[in-house]
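The values are calculated or read from the model by the stated rules, or taken from the named source; none is laboratory data. Keep in mind that what you see is a predicted model, and the values were worked out from it rather than measured. Because the Cβ atoms are built from the backbone with ideal geometry, glycine has one as well, and the counts that use them run over all protein chains shown. Just the protein is used for accessible areas: all its heavy atoms, side chains included, with ligands, DNA and RNA removed. Shrake-Rupley method; radii C 1.70, N 1.55, O 1.52, S 1.80 Å.
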Amino acid sequence: MGIMDGTEQATFRLEPGRDGQATLTLTGRLDRDSTASLWRQSTDRLRELRPKRLIVQVGAVEYCDAAGISLLMEYKRILEQNEGQIEIRDLQPQFQQLMALFEIDHQVLPPKSLGPVANAVHNLGRWAADLFSDFTAQVSFTGEICAKLLKTVLHPGRLRRQDTFLMAEKAGVNAMGITALLGFLIGLILAFQSAAAMQNFGAEIFVADLVAIALFRELGPLITALVLASRSGSAFAAELGTMKVNEEIDALVTMGLDPVQFLVLPRLIAAVCMLPLLTMFNLLFGLIGCGVVMTTWDIPISTYIERISAAATLGDIFGGLAKTFVFGTLIAGIGCLRGLQTGTGPSAVGDSATRAVVSGIIAIVVADGVFAVIYYFLGI
Amino acid sequence: MTGEPIIQVKNLTAGYGSTVILKGINFDVRAGEILTILGGSGSGKSTLLKNMIGLTKPLSGSVLIEGVDVVTAEGQERLDVLRKIGVAYQSGALFGSMTILSNIALVLEEFTDLPREAIEVIAQMKLKAVGLQAAAYKMPAELSGGMRKRAAIARALSLDPKILFLDEPSAGLDPITSAQLDELVLELSQSLGITFVIVTHELASIFAVADRAIMVDRESKTIIADGRPKDLRDKSEHPMVRQFFSRRLEKGNA
Ligand SMILES: Nc1ncnc2c1ncn2[C@@H]1O[C@H](COP(=O)(O)OP(=O)(O)O)[C@@H](O)[C@H]1O
Ligand SMILES: [Mg+2]
């Protein structure tokens, strides 16, 4: 009384015998397709039957590839689990060679993962430790940059000028279009939105005051810094990260070239020089955007310009621009640090770029808050 | 164990854009044969390989695998051709975001109906065959160069291909691992009847495994030698071929 099943290509027959012995006969072609259909049925039956000793008759197997061998391996494993013995009989010589090549005595198990609670605790601890080491890395990196920047200021010949100009072009000149567009739209929108309130009092002209001060003090520097962080902070991290993954950074170090001096300073200097210029450009277009709205209300351009110069002080403009030096340093510094911290593997560079933008934006916003407090006490 | 031509390269001109790297290449690979492609660095061995597997489009000419043109094949026909070949790339090209085991399991999951545990067993078997079973759950970045090459071969084997293309499998390996790799090639060839096309520089491996060697040359952009490695070493008239075999041999004997 045997159980017989299979496909046209291959069949199996499981015959229970005496003393917990059983015979499993396989016939036909044991390739990927037939193995796939035999696998479930035959292993399930075998698990039900739990023989103490199994004889696998494979004399009538006419073709067998790695998939077929894997099926035999699985029988072996099931028998071992049930503390039974297995004997594979009459395997044709050409398949025996295959078996010898592929036979595994045990399966390697995946590394154990912690339970959910232990895992959560583990992750929390990991997160805190990472946060701390991140912070110390940032601080020591800032210190290193400052020291090397000072050295470079004292010996300007050591700066890689060509790289610096190239970076300035990429981070600054090539960003002019988007900066101008954003400035124009923000000016336009801001004027439009505030007009609704101002028109109630017939005080459209004061829209100029509002827009100018908002742009000069806050929005211009902030928006331009966000543009720089997303365009160039990520690019810095990706460039340096790729170099790290390709061991180019190691090559620099072993050649006696300092990666900070060689790669970070040109980017930092370029970013710090470019951000204020970009911000001024952004402000100009913001005012133009606002001006466009004002002209639709028949306010003459000359009146508009007079209004702005009366409303905004030099303190507003320079207070805003002063921030951009700090923003630029933060963006380039964080971008480069993230790049140098890149791990291994293909997603590492992408992760670094993402982290560069996220921490860059957080740093900008925090720094902006600090400036707000300082300016408040200084009365600027 | 050699038979019908399984790959036919006909009048192949290969290159990139307007740069011709190889021109007028003609040769057959017979089923079950172990063919090595020799040549100096930059002579176009990898280029030839990429053209043979249909990865790069030839500038002219055609490559047939079991009678199907790999260049023009599309849809199901193309998939069928690809199913017949396995490729281990020069740099390994393992997917870095997956474990070694998943690298091998990937195509099995995509192209077969095998249940999960079957796939796992098969993947471990392939890894065992290349001596890497212990590294099954490691990430590619955690492996040494030689281990990565072997993992790449295991991955190329995952669908039991008829033809295996290996690009410099033993470059950068120690002599023992390299000899093990040769052993593996011979075993696979004998037990599975796999046809091999191997790009290599290693004289020892050429003599150990190759039924036949062809040599491409950068200057003339053609095949300058074709035959059994021993015959090429002993009988070739071509100075480049003699140099390739003898200079290395002198060094090897020293
Ligand atoms: N993607 C590519 N684009 C342009 N030229 C290439 C490309 N890949 C290789 N080459 C050129 O083709 C020639 C042959 O390269 P390759 O086939 O990789 O040589 P080999 O593998 O024999 O060392 C070299 O001169 C190389 O510069
Ligand atoms: Mg190559």
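Scanning region A:341-380 for residues being under 14 Å from A:Ala238 (Cβ atoms) and among the charged types (D, E, K, R) gives a total of 2. Being surrounded by fewer than 21 Cβ atoms within 10 Å (Cβ to Cβ), under 39 Å from the mean Cα position of the chain (by Cα) and more than 14 Å from chain B (Cβ to nearest Cβ) is the requirement here; does A:Ile334 meet it? No; evaluated as a whole, the condition is false for this residue.
What do you reckon, is B:Glu202 at pLDDT 85 or above and within 16 Å of ligand 2 (Cβ to nearest atom)? Judged against the criteria, B:Glu202 is not a match. Within region B:148-156, one or more residues are among the aliphatic types (A, V, I, L, M) and within 16 Å of ligand 2 (Cβ to nearest atom). None of A:Leu124, A:Leu114, A:Leu131, A:Leu109 is closer than 30 Å to A:Glu87 by Cα and not assigned by TED's automatic domain parsing to the domain that holds A:Ile331 except A:Leu109. Taken as a whole, region B:212-220 holds no residue that is over 26 Å from B:Leu101 (Cβ atoms), modelled with pLDDT under 85, open to solvent by 10 Å² or more (accessible area, probe 1.4 Å) and more than 16 Å from ligand 1 (Cβ to nearest atom).
Listed residues B:Glu117, B:Glu66; which is within 14 Å of chain A (Cβ to nearest Cβ), away from ligand 2 (no atom under 16 Å from the Cβ) and open to solvent by 10 Å² or more (accessible area, probe 1.4 Å)?
B:Glu117
Inclusion of A:Pro16 among residues that are crowded, with 17+ Cβ neighbours inside 10 Å, more than 51 Å from the chain's Cα centre (by Cα) and more than 14 Å from chain B (Cβ to nearest Cβ) is not warranted. Residues in region A:29-53 that are hydrophobic (A, V, I, L, M, F, W, C) and more than 11 Å from chain B (Cβ to nearest Cβ): A:Leu30, A:Leu46, A:Leu49. Here is the figure for region A:271-322: residues that are outside any helix (DSSP H, G or I) and of a type in the set (S, T, N, Q) total 1.
Taking region B:177-193 as the range and being crowded, with 16+ Cβ neighbours inside 10 Å and touching a residue at least 60 places away in the same chain (Cβ under 8 Å) as the test, the residues that pass are B:Val185, B:Ser189.
Within region B:91-111, is there a residue that is closer than 30 Å to B:Thr19 by Cα, buried (at least 16 other Cβ atoms within 10 Å of the Cβ) and away from ligand 2 (no atom under 16 Å from the Cβ)? Yes: region B:91-111 contains one or more residues that are closer than 30 Å to B:Thr19 by Cα, buried (at least 16 other Cβ atoms within 10 Å of the Cβ) and away from ligand 2 (no atom under 16 Å from the Cβ).
Every condition in (1) touching a Ser or Thr at 6+ places or on another chain (Cβ under 9 Å); (2) within 11 Å of chain A (Cβ to nearest Cβ); (3) open to solvent by 30 Å² or more (accessible area, probe 1.4 Å) holds for B:Arg150 except the one numbered (2). Looking across B:Asp174, B:Asp160, one residue alone is surrounded by fewer than 24 Cβ atoms within 10 Å (Cβ to Cβ) and under 15 Å from the mean Cα position of the chain (by Cα). It is B:Asp160. When restricted to residues that are near ligand 1 (Cβ under 9 Å from one of its atoms), of a type in the set (D, E, K, R) and open to solvent by less than 30 Å² (accessible area, probe 1.4 Å), region B:30-63 contains 1.
Kindly evaluate B:Ala93 against the criterion of being of a type in the set (A, V, I, L, M, F, W, C) and at positive phi. Taking the combined requirement at face value, the residue satisfies it.
Residue by residue, here is whether (1) under 27 Å from A:Gly360 (Cβ atoms); (2) open to solvent by 60 Å² or more (accessible area, probe 1.4 Å) holds:
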{"residue": "A:Leu101", "(1), (2)": "no, no"}
{"residue": "A:Ala118", "(1), (2)": "no, no"}
{"residue": "A:His122", "(1), (2)": "no, yes"}
{"residue": "A:Arg126", "(1), (2)": "yes, yes"}
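From the list B:Phe207, B:Phe196, B:Phe165, the one residue that fits, being surrounded by 22 or more Cβ atoms within 10 Å (Cβ to Cβ) and away from ligand 1 (no atom under 16 Å from the Cβ), is B:Phe196. Taken residue by residue, region A:139-154 has at least one member that is among the polar types (S, T, N, Q), open to solvent by 60 Å² or more (accessible area, probe 1.4 Å) and modelled with pLDDT of 85 or more.
I'd like to know if region B:139-151 contains one or more residues that are touching a strand residue (DSSP E or B) at 6+ places or on another chain (Cβ under 8 Å), modelled with pLDDT of 85 or more and away from ligand 1 (no atom under 16 Å from the Cβ). No, region B:139-151 contains no residue that is touching a strand residue (DSSP E or B) at 6+ places or on another chain (Cβ under 8 Å), modelled with pLDDT of 85 or more and away from ligand 1 (no atom under 16 Å from the Cβ). Given the condition facing chain A (nearest Cβ under 7 Å) and not in a helix (DSSP H, G or I), answer yes or no: does some residue in region B:121-133 qualify? Checking region B:121-133: not a single residue is facing chain A (nearest Cβ under 7 Å) and not in a helix (DSSP H, G or I). Just name the residue that is nearest to ligand 2 (Cβ to nearest atom) out of those in region B:226-246 that are open to solvent by less than 70 Å² (accessible area, probe 1.4 Å) and in contact (Cβ under 8 Å) with a residue 40 or more places away in the chain. Of everything passing the filter in region B:226-246, B:Phe244 is nearest to ligand 2 (Cβ to nearest atom). Could you check, for region A:77-99, whether at least one of its residues is outside the structural domain of A:Lys52 (by TED's automatic domain parsing) and open to solvent by 90 Å² or more (accessible area, probe 1.4 Å)? The answer is no, given that none of the residues of region A:77-99 is outside the structural domain of A:Lys52 (by TED's automatic domain parsing) and open to solvent by 90 Å² or more (accessible area, probe 1.4 Å). With respect to (1) touching a residue at least 24 places away in the same chain (Cβ under 8 Å); (2) in the same structural domain as B:Pro5 (by TED's automatic domain parsing), the lone exception for B:Gly96 is condition (2).
Within region B:15-29, take every residue that is among the β-branched types (Val, Ile, Thr) and either more than 24 Å from B:Ser189 (Cα to Cα) or at pLDDT below 90 (or both) and give me the one that is surrounded by the fewest Cβ atoms within 10 Å (Cβ to Cβ). Filtering first and then ranking leaves B:Thr19. Out of region B:70-87, which residues are small (Gly, Ala, Ser) and either open to solvent by 60 Å² or more (accessible area, probe 1.4 Å) or at pLDDT below 85 (or both)? Scanning region B:70-87 gives B:Ala73, B:Gly75.
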